[in-house]
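Scroll down for the structure; my scribbles are underneath it.
None of the figures in this text is laboratory data; all of them are computed from the coordinates on show. What you see is a predicted model, and the numbers here were worked out from it, not measured in a lab. Glycine also receives a Cβ, built like all others from the backbone with ideal geometry; neighbour counts cover every protein chain displayed.
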Amino acid sequence: MKALITGSAGFVGQTLRRHLEAQGDTVVPTDRTVGGPDITDREALIRFWAEAKADVVYHLAAQSHVPTSWADPIGTLRVNVEGTQNVIDASRGAGVSRVIVITSAEVYGKVTPDQLPIDEFASLRPVSPYAASKVAADAVALQAHLGYDQDVIRLRAFNHIGPGQSDQFVAAGLAGRIAQAEASGGTEIAVGNLSPRRDFTDVRDIVRAYRLVAERGTAGDVYNVCTGVDRSIAELADGLLAHARHPITLVPDEELQRDVDIPVMCGDSTKLRNDTSWAPEIDFATSLGDILDDARTRLHG
Ligand code: A2R
């Protein structure tokens, strides 16, 4: 299978590329950070797609940072919606057999406890401009299927964790602080809210799901990607500390406290499991150990 990955230089894109290559796929990577076309540049994209002659496109490129979306909602919409429209249109023009569009579980937004675990039929109630942009991208992808009979599948992944993630995200941020404390002999690290519960999936399991959906998914459908288990930030922090090289304690820091709109978020991936036989393979403790190892490697260059 010849696979074109947009956003190939990002956190998930790099992990997906490694997985596809390990499976024997030919990968055409593209990302603006490595000189590929900007996905808002429709003509450049069409030229690139015509040359790539891919069988499947994994569309990951996005303005993926929620806080940035509050500061720049228009820029976020442009990349995430217009960019997705361009990718889907270029794929149709180039005869790509299947397009996998990565949206986000953020589309579900402000869920209520009675909706948990969230399945694909839950209403879409986006809270951030990022989430709204992903709802619109989801609609653009569905429209291509319903209006053009194009083979497009939407994937909504819940919280990612794993080696290589930006330390703006909670697991990598905490791991970075633990690695620094290990190096300096520190015995405390600052933490924000410990009570929110999230459905964390290792990025290496997430990309396995993406490829399985490309192989076995149903055209036009939408799939949640998640473990179905919700864990608190306290559990995540304690799990990282269990791998620390000396005892370290958590110290609440007012500066790191954030308003929490959604206390518990947890998904239902029954459809993905039934259609593709996917199941997460990397247990939580192993993920956390790998994330801390990655933080140590980054700290020491
Ligand atoms: O923003 P940059 O310069 O770091 O590049 C990002 C790239 N990208 C673009 N590529 C082409 N044209 C654009 N207009 C454009 N805007 C952004 O996509 C970056 O290299 C990549 C996205 O990687 P990350 O930000 O690390 O996202 P991650 O965590 O890999 O998420 C993958 C997908 C995204 O659609 C998320 O919204 C979703 O999974 O959760």
Among segment 74-97, those whose backbone N falls under 15 Å of a label point 7 Å along Cα→Cβ from K2 are 91-97
Ranked by GNM mean-square fluctuation in the chain (Cα springs under 10 Å), the top entry among V111, V251, V213 is V251
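Among the trypsin sites (Lys or Arg not before Pro) within segment 227-301, which fall in a DSSP loop and have no more than 16 other Cβ atoms within 10 Å of their own Cβ? Don't skip to the end; give the middle numbers.
Values: sites: R231, R245, R258, K271, R273, R296, R298; in loops: R245, R258.
In loop regions of segment 227-301 (DSSP not H, G, I, E or B), the sparsely surrounded trypsin sites (Lys or Arg not before Pro) are R245, R258.
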Straight-line reach check, K2, cutoff 25 Å on alpha carbons, 8 or more apart in-chain or any other chain, hits among lysines -> K53
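When F284, F121, F200 are ordered from fewest to most other Cβ atoms inside 10 Å of their Cβ, what list results? Please report the intermediate quantities before stating the final value.
Values: F284 18, F121 9, F200 25.
Ranked by crowding around the Cβ, least crowded first: F121, F284, F200.
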Taking max minus min of the Cα coordinates of the chain on each principal axis, largest first, gives extents in Å of 58, 44, 39
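Taking other Cβ within 10 Å of each residue's Cβ, how do I5, I233, I39, I262 sort, fewest first? Walk me through the numbers on the way to the answer.
Values: I5 30, I233 21, I39 27, I262 15.
So the residues, fewest neighbours to most, are I262, I233, I39, I5.
Per residue and in cubic angstrom, what volume does the convex hull of the Cα atoms of segment 178-301 have?
Given the Cα convex hull of segment 178-301, per-residue volume reads 128 Å³.
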Rounded to one decimal in nm, the spacing of the 7 Å Cα→Cβ label points at A139 and S166 is 2.6 nm
Straight-line reach check, K134, cutoff 15 Å on alpha carbons, 8 or more apart in-chain or any other chain, hits among aspartates and glutamates -> D72, E82, E106, E120
Longest principal axis of the chain (C-alpha) makes with the long axis of helix 284-299 (C-alpha) an angle, in degrees to the nearest 10, of 80 degrees
Check: C-alpha center segment 123-167 vs C-alpha center segment 181-238, spacing in Å is 17 Å
Quick numbers on segment 125-224, Rg and Dmax over C-alpha atoms in Å, give 18.4, 61
Least to most buried among D31, D167, by other C-beta atoms within 10 Å and fewest first, runs D167, D31
To the nearest 0.05, the calculated FRET efficiency linking T297 and A242 through their beta-carbon distance, R0 being 25 Å, is 0.85
Rounded to the nearest 10 degrees, the helix 170-184 long axis (Cα) sits at an angle to the longest Cα principal axis of the chain of 40 degrees
With Cα coordinates, the longest principal axis of the chain makes an angle with the long axis of helix 129-148, in degrees rounded to 10, of 30 degrees
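Which length gain, in nm to one decimal place, applies between A285 and L146 when the Cα-Cα distance is subtracted from 0.36 nm times their residue separation?
On the way: separation 139, 0.36 × 139 = 50.04 nm, distance 4.20 nm.
Fully extending the segment from A285 to L146 adds 45.8 nm.
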Per the Cα gyration tensor, segment 75-196 corresponds to an equivalent ellipsoid with semi-axes, largest first in Å, of 36, 19, 12
